[in-house]
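Following: one structure in structure tokens, then a few remarks.
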Amino acid sequence: MSLKAQLQLHPTSFLLWRRLLEESPTDENYQLAYYRIQFDVTNNYKMWGLYYKHCTAKVHEAGELDQLWLQQLQIPSLDYDSLLNDYSKFVSDHFGEQYTDKMKNILQIKKKVTQILEKIEPWELHRQDRSPDYWIGYLKALHGSKVLDRVTKKRLIQCTVERSLGVQVFVPVIQTYLSFNLEVDESAFWERVVQIEPYNAEAWIQYIRDSPVDQLQRIRSQFNSHPDLILVPVFCEILRMELRLFKQNASVAQPLLMEDTYNFFSRTLKAGDIFHTVPKLCIEIQEDIGDVDGIRRNILTPFLENFDNQTEAWLYVAEFEKRHGNYRHVTDLFKKAMGIAEKLDWPERLASEWKRFELLKGTDESQEYCDEVCKRALTRIKGSKRRLSEHEVEEKSQGPHSKRRAHEDTAETKPRKQKTETRDREHLTVLVANLPPSIDEKELTDSFSSCGKIRSFSLLQGKATIEFTDEQGLLSAMKKNGTIIEDSPIEVVHLQNNTLWVANYPPEKTAEDLRNIFGQYGEILSVRLPSLKSNVQRRFCYVEYSSEQDAASAVKALDGHTIRGKTGDFKLTVKVSNPDARQDRKGALEEGRQVYVSDLDFYKVDEDRLSELFSKFGDIEMIRIPVKRDEKIKKLNNGFAFISFKSSSDAVNSLELDGNLLAGRPMKVELATPKKKKVSVIGTGKFDRARTISVLNVDDKLNTENLKAIFEEIGPVTQIELQPENNAALIEFETVRSSGMADFKFNGRKIGDTIVRIGTFQDFLKLKRNKT
């Protein structure tokens with residue numbers, strides 16, 4: 001997109017205007033840039049500096065320059081004191097004898113501007129809060145201010161809403177702005193908003209609703225020019241408006257309605273619509289039009305081809321055939337579905353619905369046939385719904401009838417410390433949708449706790465995800481599909497293959513950045529970053545979609561896709577997360593076959609002595625003795641060694657030597673564990689305390705690159721030491737001034753999932769001492 005096109009979307013962006021002035025420093029561009037940025041209280045001082053410098057090259061009369069100064073001094077700016085100081089110098093240089101009188105005359109202007117700044121500065125102090133509530137509150141405060149004249153108020157409000165658009169499109173903020181009746185062309189404003197953020201469904205809907213009806217065709221053409229947009233609420237809004245027009249004037253609206261029903265159906269079919277909202281709406285619209293054969297051919301056939309594993313899809317089509325087909329159409333459909341019962345997510349329900357249909361419409365013979373087909377199908381899949389975990393198999397094998405007696409246990413068979421139960425959220429999670437707005441977490445968990453033990457729960461807007469500890473709980477929850485909660489029939493769907501494992505993204509990317517990248521391919525339920533407490537080098541995440549189809553689309557589009565980072569290009573790895581397919585790590589260390597021996601005598605213990613002692617417990621694969629060779633110091637080791645056995649049981653048995661004497665010293669013998677880096681450093685690690693701050697209560701999912709990007713809002717960062725284990729970091733700035741601003745800018749600010757506290761270098765050292 002060209003620079004001028006970007007400025008049409010963001011007309012008050014200081015950075016864009018500065019770039020344009022660098023490329024094209026014309027008088028007109030300087031005038032436009034100065035006018036656009038004039039009431040941006042955060043950037044107008046910088047723009048004034050550029051504009052004034054340009055003017056002084058062309059205007060040499062002090063009187064004309066003075067008029068420019070007087071105009072600028074009447075505009076509020078967060079740098080107003082600096083502006084006054086600059087003007088004082090200008091007057092001193094050009095009007096020395098009149099200095100006192102001119103500065104007295106400026107006092108009245110200063111008083112008025114100061115009153116305005118007193119209203120603005122409390123909001124500017126909290127501008128790190130980028131929530132819609134902040135912007136709405138700010139706009140209302142400006143609109144309700146009695147110290148602002150009409151023009152200043154309008155310009156300040158316009159610049160403030162433009163600043164909010166530079167952060168993110170918040171529809172409630174825009175609605176607040178438009179409610180002030182500032183003579184804004186609402187349709188044109190919404191048109192610009194959807195160009196800024198075309199993936200914002202809420203913005204498109206407001207654009208459609210706030211525009212005249214005769215503009216609908218133009219808006220739908222604009223929306224359809226983005227064939228990659230899969231925004232179900234927008235599809236529904238356009239179809240709703242077209243259906244309303246169809247009822248008023250069928251001849252005009254029917255071509256649009258026919259085109260969009262098949263178009264939107266195809267788009268959602270490719271991307272996946274977990275609740276089939278658009279296909280169902282398209283079918284109902286075409287039913288109103290009366291094109292039953294077209295529905296069967298163009299909608300139902302591809303619909304079942306894409307969702308033939310979903311019982312709900314088959315039942316929905318069956319209901320359609322009950323309305324428009326005959327008995328044979330319905331029974332053929334049920335028979336076809338039971339023929340692929342192994343693929344279905346809930347074959348028992350489909351069998352039950354077929355039997356119910358035969359009871360009402362069939363004969364004795366057809367009921368017997370139905371029972372026989374369903375019985376054969378369910379027998380084929382019997383047992384596949386319940387998988388025993390490794391833990392359950394182990395429990396059965398070690399039950400009361402086990403032939404091995406406890407005193408016969410050897411080191412090889414002696415039970416180890418019980419491992420933490422492995423999570424399987426990828427297979428044991430359901431999505432509950434169509435929830436009433438008033439429902440709370442307790443009410444919903446109470447409703448589903450009878451199904452089984454719930455491991456985790458997340459309530460979203462109008463839907464929730466529930467993870468169970470076992471498959472029985474999952475299957476019980478699926479049976480609640482259609483249950484009425486507060487007059488609303490809920491939808492319960494088994495989430496499968498919807499979670500992606502993502503690695504090798506640029507290290508400075510945050511969860512929100514990743515949500516924006518992956519959100520282009522469907523609705524995201526969560527982005528989960530790992531804790532860095534055990535290892536700061538971890539860089540992967542899990543992205544959870546609301547449907548398998550969206551996840552598959554993301555894998556297809558992004559696996560191997562290159563993303564530009566601050567330090568170069570990164571080729572993404574994007575795979576469907578599947579714990580069953582994860583490969584075990586290989587090697588003595590990872591397989592528990594390696595022991596770590598320490599407290600060795602430097603001069604007496606060598607490989608032969610260790611081999612002689614440890615080989616009594618089994619075959620040794622390798623002995624590694626790290627030592628720094630020095631001709632003057634005849635050390636045989638550095639006080640420790642690693643011994644790898646061929647069997648993990650031999651390694652465990654060798655732990656008996658812990659505390660035994662070797663060369664007159666008690667050894668320490670323990671299983672070797674992977675060394676995980678717990679501190680991450682950018683720079684040399686030697687900090688200048690005058691330029692360094694400590695950041696406490698740091699979110700343990702943030703890395704050094706994330707912190708660097710965040711804190712460089714106030715100035716270049718030269719060094720960082722991050723300690724996730726202590727939830728703390730040291731940050732050194734290039735200047736003392738930047739470090740001084742940090743407390744004002746970041747103390748009490750939410751960064752990631754925590755609210756940080758800014759301290760001194762000494763606070764960081766004190767925290768480390770207390771932790772140890």
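A short reminder: the numbers here are calculations on the coordinates, not readings from a lab. Just so it is clear, the structure is predicted and the values come from calculations on it, not from any experiment. Because the Cβ atoms are built from the backbone with ideal geometry, glycine has one as well, and the counts that use them run over all protein chains shown.
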Pairwise centroid distance, computed over Cα atoms, of the range 132-181 with the range 1-58, Å: 22 Å
Taking H placed 1.01 Å from N in the peptide plane, check which residues at least 5 places from GLN719 or on another chain put their amide H under 5 Å from its amide H. GLU732
At a Cα cut-off below 15 Å, give the aspartates and glutamates reachable from LYS668, other chains included and same-chain residues fewer than 8 away excluded. ASP599, ASP601, GLU656, ASP658
If each DSSP helix of 4+ residues adds -39,500 (n - 2.57) and the sum is divided by the residues in the chain, what number results at 222 nm, nearest 500 deg cm²/dmol? -14500 deg cm²/dmol
List the residues whose amide H sits under 5 Å from the amide H of MET622, counting only those 5 or more places along or on another chain, with H placed 1.01 Å from N in the peptide plane. SER644
Residue by residue through the range 145-153, the couplings from Karplus 6.51 cos²θ - 1.76 cosθ + 1.60 with θ = phi - 60°, in Hz, x for Gly and Pro, are 6, 9, 8, 9, 6, 4, 5, 4, 4
The answer for chymotrypsin sites (Phe, Trp or Tyr not before Pro) in the range 677-772 that fall in a DSSP coil and have at most 11 neighbouring Cβ atoms within 10 Å is none
If Lys and Arg each add +1 and Asp and Glu each add -1, what is the summed charge of the other residues whose beta carbon sits under 14 Å from the beta carbon of LEU525? -2
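Could you line up PHE14, PHE468 from fewest to most neighbouring Cβ atoms inside 10 Å?
Values: PHE14 19, PHE468 24.
Sorted ascending by nearby Cβ count, the order is PHE14, PHE468.
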For the range 305-315, Karplus couplings with θ = phi - 60° (6.51, -1.76, 1.60), whole Hz, Gly/Pro x: 5, 8, 10, 6, 8, 9, 4, 4, 5, 4, 5
Out of residues 5 or more away from VAL576 or on other chains, whose amide H comes under 5 Å of its own, with H placed 1.01 Å from N in the peptide plane? TRP501
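State which entries of LYS677/LYS701; LYS355/LYS375; LYS509/LYS533; LYS355/LYS479; LYS571/LYS678; LYS635/LYS677 exceed 21 angstrom in Cα-Cα distance in the structure shown.
Values: LYS677/LYS701 15 Å; LYS355/LYS375 11 Å; LYS509/LYS533 18 Å; LYS355/LYS479 17 Å; LYS571/LYS678 26 Å; LYS635/LYS677 28 Å.
Pairs exceeding the cut-off: LYS571/LYS678; LYS635/LYS677.
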Please report how far the C-alpha centroid of the range 695-762 lies from that of the range 318-337, rounded to the nearest whole angstrom. 64 Å
Restricting to aspartates and glutamates and to Cα separations under 13 Å from LYS686, and discarding same-chain partners fewer than 8 apart, the set is GLU721, GLU732
For LYS119, list the aspartates and glutamates whose Cα falls under 14 Å from its own Cα; do not include residues on the same chain fewer than 8 positions away. ASP149
Apply the Karplus curve 6.51 cos²θ - 1.76 cosθ + 1.60, θ = phi - 60°, to the phi angles in the range 546-558 and return the couplings in whole Hz, x for Gly and Pro. 8, 8, 5, 5, 4, 4, 5, 5, 5, 4, 4, 7, 10
Of the candidate values (i) 60, 33, 23; (ii) 55, 28, 22; (iii) 56, 50, 20, the one computed for semi-axes √(5λ) of the Cα gyration tensor in Å from this structure is (iii)
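If you filter the range 14-123 for GluC sites (Glu not before Pro), then keep DSSP loop positions with at most 14 other Cβ within 10 Å, what is left? Walk me through the numbers on the way to the answer.
Numbers: sites: GLU22, GLU23, GLU28, GLU61, GLU64, GLU97, GLU118; in loops: GLU61.
Of the GluC sites (Glu not before Pro), the ones in loops of the range 14-123 whose Cβ has at most 14 other Cβ atoms within 10 Å are GLU61.
Scan the range 481-563 for GluC sites (Glu not before Pro) in coil per DSSP, keeping those whose Cβ has at most 13 other Cβ atoms within 10 Å, and list them by number. Spell out each step's value before the answer.
Numbers: sites: GLU486, GLU491, GLU508, GLU512, GLU523, GLU544, GLU548; in loops: GLU486, GLU508, GLU523.
Sites meeting the loop and neighbour criteria: GLU486.
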Formal net charge of residues neighbouring PHE180 (Cβ-Cβ distance under 11 Å; K, R +1; D, E -1): +2
Residue order, fewest to most beta carbons within 10 Å, for GLU342, GLU197: GLU342, GLU197
